[in-house]
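To start, the structure itself, in structure tokens.
The values are calculated or read from the model by the stated rules, or taken from the named source; none is laboratory data. Quick caveat: nothing in here was measured; it's all calculated off a predicted structure. Cβ placement follows ideal geometry from the backbone for every residue including glycine, while neighbour counts extend to all protein chains displayed.
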Amino acid sequence: MMTSVSAIMAMRGKRLRVRAVRGALALTVAAAGGVAVWYRRAYNVWPGQEASARVHWCGRDYESFSSAPQTRQQISSREHFLIRPVGQYPPLGWSRQELLAAVVIGAQRKSVSPPPLCAMVVYLRTGPDEYQAYSLEGGP
């Protein structure tokens, strides 16, 4: 049989565990919310959403001016450099799309002074041989 003192101590221990679990849960929710807000600010969409009118790549923001989608051949005919895949966008989206950019590589990159860091235009694959253009915001 438990004495009243041991019953009180057991009750305090139980309360302490409940408080610890609630505190850990609150910290987890706050951390997840902070990551979601950071992701929204960085990539212009919430985690799980598809790309919007703005994409983020190479530390810069690019905006689509709602032009009609283009084919790879149309893009290649206007660009002076090869269009290469540079990643998937958005990084945590449920349906990520291929992101392409005119990337300067090798000797060509060294011949330009100063070498370009980010492409002026990136392309997001929106369908089979359909690409949406996004222009760099704010200039080079």
- Could you please let me know if THR71 is modelled with pLDDT of 80 or more and not assigned by TED's automatic domain parsing to the domain that holds ARG125? no
- Failed condition for ARG19, given (1) charged (D, E, K, R); (2) in a strand (DSSP E or B); (3) more than 23 Å from CYS118 (Cα to Cα), with all others met? (2)
- Query: If we scan segment 39-52, do we find a residue that is surrounded by 10 or more Cβ atoms within 10 Å (Cβ to Cβ) and at pLDDT 80 or above?
  - Reply: no
- Task: For segment 130-139, state whether one or more residues are among the aromatic types (Phe, Trp, Tyr) and either part of a strand (DSSP E or B) or at pLDDT 70 or above (or both).
- Result: yes
- In segment 83-109, which residues are modelled with pLDDT of 80 or more and over 18 Å from ASP61 (Cβ atoms)? ILE83, ARG84, PRO85, GLU98
